[in-house]
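Only one structure is covered here, and it is reproduced in the block below.
Laboratory data are not the source of any read-out in this text; all were calculated from the coordinates shown. Here the structure is a predicted model, which means the values were calculated and not measured. Don't worry about glycine lacking a Cβ; one is built from the backbone with ideal geometry, like all the others, and counts go over all protein chains shown.
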Amino acid sequence: MRITVFGATGVVGSALLPRLVPEHELVAVSRSARPLEPGVRWVKGDAGSAEDVELAVAGAEIVYYLVHSLGSRDFERQDQVAAQNVANAAERTGAAQIVYLGGLGDDSPTASRHLRSRRETGERLAAGSTPVTTLRAAMIIGKGSAAFETIVALVDRLPAMITPNWVSTPTQPIALDDVTRYLAGVCGSQRTFGESFDTGGPEVMTYRQMIERIAVLRGRRPRIVEVPVLTPRLSSLWLHLVTPVGASVARPLIEGLKNPTIAREERLRRLFPFDLTTFDEAARSAFAS
C-alpha cells in the first residue's frame with residue numbers, strides 16, 4: 001500500500017517508518033529537505049498548508065497523522081488547521097484510512113489545553129468521510145520524547161526536587177517500540193476503522209514513582225519534597241531552567257499532568273497481542289540509544 005506519514009521526523013514518526021518500509025510504499029512529509037533513504041520518498045511540506053497536504057496525500061491509501069504544534073504560541077489553532085487540511089485532502093483523494101495518535105485523558109472535563117487540543121484534532125480528522133483510527137497514549141518512553149527527557153534531566157541535574165502534587169497523579173507510560181508496533185498493526189486493518197483505542201504499557205505508576213525508577217537506573221538518589229501549590233507557570237519556568245525542554249513546550253505538558261492518564265480498555269491489546277515492554281526495559285533502551 002502507499003502510505004503518507006505526517007510527522008515523519010518526530011520521535012514516533014521516525015521510529016514508525018522502519019516498521020512500514022518492508023511492506024509499503026512510503027511518502028514521508030518534512031518541513032525541510034531530507035537525504036535520500038531506502039524505501040522512503042521524502043516530500044517537503046507543511047501540514048498547515050492545504051496545497052502541501054494535497055500533494056503529499058495524492059495517491060495514498062493510508063495517512064498517518066503524528067503532528068502537533070507544541071512550542072507555538074497558538075498551537076491549538078495550528079493543530080486544528082493542519083488536521084482539517086489532512087481530513088479534506090484524504091476525503092478528496094479517496095484515502096481508505098487516517099491513523100491518528102492522540103492522548104489519554106483528553107476527554108476529561110478538566111483536561112489541559114494540550115489534551116483538549118489532542119481531542120479537537122481527532123474530531124477535525126474525523127469530520128470528513130475517511131475513517132479514522134485513533135490510538136490514545138500517555139507518556140511515551142523513548143529517546144527524544146519531551147516528557148520522558150524532562151524527567152531524566154530532573155533526575156540527572158537535581159539532588160533534591162520541590163515538586164507540586166501532580167507527581168502523585170497516576171499514569172500508564174508506554175514504550176516507543178510498543179506504540180509504533182500498535183500503529184503499524186492498525187495499518188489497513190478494517191477492524192480498527194472508525195475506532196478509538198486506549199494504549200498503555202504494562203504498569204500504572206505515579207510520576208513520583210517514575211522519577212524514583214529512573215533515578216535507580218541512573219544510579220542517583222534525589223530527594224523529592226511535594227508542596228501543595230506550584231502553579232503551571234512556575235512549574236514550567238522551573239523546568240525551563242533545569243531541563244532541555246523550553247517553557248513554551250513545558251507549560252502545556254505540565255498543565256496536563258494533573259489528569260490521570262490510564263488506559264480504560266484493552267481492545268487493541270486483544271487485537272494485536274504481544275508482550276509489552278516494561279518501564280525499566282523501555283528506559284534502558286532509551287538511554288542506550
Review point. Which of the GluC sites (Glu not before Pro) found in segment 22-61 are loop residues per DSSP with 14 or fewer other Cβ atoms within 10 Å of their Cβ?
Key: GLU23
Exercise for review: Rank by packing, highest mean first: peptides 187-196, 172-181, with packing defined as the count of other Cβ atoms within 10 Å averaged across residues.
Suggested key: 172-181, 187-196
Check your understanding: Given charges of +1 on the Cβ of Lys and Arg and -1 on the Cβ of Asp and Glu, with all other atoms neutral, how large is the dipole of segment 1-89 about its Cα centre, in debye to the nearest 20?
Key -> 240 debye
Practice item. Rounding to the nearest 20 debye, state how big the charge dipole of segment 116-212 is about its Cα centre with +1 on each Lys and Arg Cβ and -1 on each Asp and Glu Cβ. Key: 240 debye
Point to revise | Simple spin-label estimate for GLU91 and ASP275 in nanometres, 7 Å along Cα-Cβ | key: 4.6 nm
Check your understanding: ³J(HN,Hα) across segment 258-273 via Karplus (A = 6.51, B = -1.76, C = 1.60, θ = phi - 60°), whole Hz, x for Gly/Pro?
Key -> 6, 8, x, 10, 10, 5, 9, 8, 10, 4, 5, 5, 6, 6, 10, x
Study note, to complete from the structure: Classified through the alpha carbon gyration tensor (a ≥ b ≥ c as square roots of its eigenvalues; rounded if a/c is under 1.5, else prolate when a/b is larger than b/c, else oblate), segment 117-217 comes out prolate
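As a footprinting exposure proxy, order LEU268, LEU276 by other Cβ within 10 Å, with the fewest listed first.
LEU276, LEU268
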Check your understanding: Among ARG264, ARG136, ARG2, which comes first, second and so on when ranked by fewest other beta-carbon atoms within 10 Å?
Key -> ARG264, ARG2, ARG136
Exercise for review: Neighbouring Cβ atoms within 10 Å as the yardstick, rank THR133, THR277 fewest first.
Suggested key: THR277, THR133
Exercise for review: Amide H neighbours of GLY39 under 5 Å, at least 5 residues apart or on other chains, H built in the peptide plane: list them.
Suggested key: none
Revision key, fill the gap. The answer for ALA8, listing residues at least 5 apart or on another chain whose modeled amide H is closer than 5 Å to its amide H, is VAL29
Exercise for review: May I ask you to evaluate 6.51 cos²θ - 1.76 cosθ + 1.60, the Karplus curve with θ = phi - 60°, for each residue of segment 275-289 and list the ³J(HN,Hα) values in order in whole Hz, giving x for glycine and proline?
Suggested key: 6, 6, 7, 5, 4, 4, 5, 5, 5, 4, 4, 5, 4, 5, 7
